[in-house]
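First up is the structure itself, then whatever we jot down about it.
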Amino acid sequence: MIPGDGIGPEIVEAAQIVLDALGSPFVWDVRQAGMAAIQKVGDPLPPETLESIRRTKLALKGPLTTPIGGGFRSVNVRLREEFGLYANLRPVRTMIPGQRYDNIDLVLIRENLEGLYIAFEHYVPIGNDPHAVAIASGVNTKAGAYRIIKFAFEYALRHGRKKVTVVHKANVLKVLTGLFLEAGREVAKEYKGRIEMNDRIVDACAMQLVLDPWQFDVIVTTNLFGDILSDLMAGLVGGLGLAPGANISESAAMFEAVHGSAPDIAGKGIANPVSLLLSAGLMLEHVGRREGAQRLRAAIDRAINQDNTRTRDLGGSASTREFAEAIARRL
Ligand code: NAD
């Protein structure tokens, strides 16, 4: 358990209250990362934290403040690299009915290690302008594409989903994302008759997600497109405060709130813990406790919609703790 920075410790405390009420199977080994760890030991990702994740293969993580300057690399990126967390899982589901979009139930699966986000980029100077030209290269491997697309089809099978949409830009980036589409078509053959596959160009997909999101089921895509579309999809259900996230590989799985450390409201006890709670639900599913995850989601739903307990960002006045206690009562 990594409390993290800003509102992290507040929402982590809320998660502990709720998971205790659920009778969760987890025993917490609390470790530091981010600014909290820099202040304590001078390292945003101390070896003890890495060692703990290596041993348990699981982490529930609050948001981390990325220090600006000081030469520290993003802890989130380091964690992804360290454990090869190639699959980013972002389900979005309507929690509060009667908003702009109702009955949303979609899953975005994003390749987490390759593509343009390897940040292989440089400037080319011309004359006395050192920044005259900027060049970035993307790298997609066949093995990486197969692995994530297979992950998406397997996820669809396990969760009773019907369709996987492969999102790409193969009409322009014919090599970089053409390879991804090719892999999608290959993998789909193995699931013929069980899971339907189609493909969309990323720009058309963005428009369709806004016009008619219900046509989608599971979406699988490359790193950059996935980053953008997953936030768009969170917007369909009311924003990042209600969307969980997970980063998964065979060597570890890390579950996290998708929002940041919200320094503007840190310490005020008003943060919404739902994103982290839903992420804890994904962690329960990951260890085979699907029934516990369903109970958790149902309790959050009832606390919000029947008891009308909401934090300020959801239009209510409950504190983080009151919200957590309302969910715990439902459990
Ligand atoms: P942010 O998500 O922290 O905040 C954006 C806005 O949303 C703020 O007004 C904030 O008060 C509100 N908000 C966010 N989470 C909320 C919650 N649970 N309940 C109620 N309101 C909430 O984004 P930011 O301000 O751009 O980033 C702040 C810091 O977080 C930065 O250092 C950034 O690098 C870091 N960050 C970390 C992660 C991560 O660890 N996964 C993700 C995004 C940003």
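The values are calculated or read from the model by the stated rules, or taken from the named source; none is laboratory data. Nothing here was measured: the structure is a model prediction, and the numbers come from that model. Cβ: placed from backbone, ideal geometry, glycine included. Neighbour counts: every protein chain shown. Just the protein is used for accessible areas: all its heavy atoms, side chains included, with ligands, DNA and RNA removed. Shrake-Rupley method; radii C 1.70, N 1.55, O 1.52, S 1.80 Å.
Listed by first and then second residue, the pairs linking a residue in segment 317-331 that is part of a helix (DSSP H, G or I) to a residue that is open to solvent by 70 Å² or more (accessible area, probe 1.4 Å), with Cβ atoms under 8 Å apart and 6 or more places separating them unless they lie on different chains, are T320/E13; R321/E13; A324/E13; A328/D20; R330/R302. Across segment 57-79, the qualifying residues are those that are under 20 Å from the mean Cα position of the chain (by Cα) and more than 11 Å from the ligand (Cβ to nearest atom), and the one among them that is surrounded by the fewest Cβ atoms within 10 Å (Cβ to Cβ) is R73.
A count restricted to segment 99-158 and to residues that are open to solvent by 80 Å² or more (accessible area, probe 1.4 Å), closer than 19 Å to P244 by Cβ and among the basic types (K, R) stands at 1. Number of residues in segment 90-131 that are modelled with pLDDT under 95 and within 18 Å of K162 (Cβ to Cβ) equals 0. Screening L224 on (1) over 20 Å from T309 (Cβ atoms); (2) out of contact with any Phe, Trp or Tyr (no Cβ under 7 Å at 6 or more places or on another chain); (3) open to solvent by 30 Å² or more (accessible area, probe 1.4 Å) shows it passes everything except condition (2).
Restricting segment 283-313 to residues that are surrounded by fewer than 21 Cβ atoms within 10 Å (Cβ to Cβ) and in contact with a Phe, Trp or Tyr (Cβ under 9 Å, 6 or more places away or on another chain), which is nearest to G235 (Cα to Cα)? So the residue we want is R310.
Being in a helix (DSSP H, G or I) and either within 16 Å of the ligand (Cβ to nearest atom) or out of contact with any helix residue (DSSP H, G or I) (no Cβ under 8 Å at 6 or more places or on another chain) (or both) is the filter here; which residues of segment 266-293 pass it?
If the condition is that a residue be in a helix (DSSP H, G or I) and either within 16 Å of the ligand (Cβ to nearest atom) or out of contact with any helix residue (DSSP H, G or I) (no Cβ under 8 Å at 6 or more places or on another chain) (or both), then V274, S275, L276, L277, L278, S279, A280, G281, L282, M283, H286, E291 are the ones that fit.
When I104 is tested against (1) in contact with a Pro (Cβ under 7 Å, 6 or more places away or on another chain); (2) within 12 Å of the ligand (Cβ to nearest atom), only condition (2) is not met. Looking across segment 249-265, just one residue is touching a strand residue (DSSP E or B) at 6+ places or on another chain (Cβ under 8 Å) and either within 6 Å of the ligand (Cβ to nearest atom) or of a type in the set (D, E, K, R) (or both), and that is E256.
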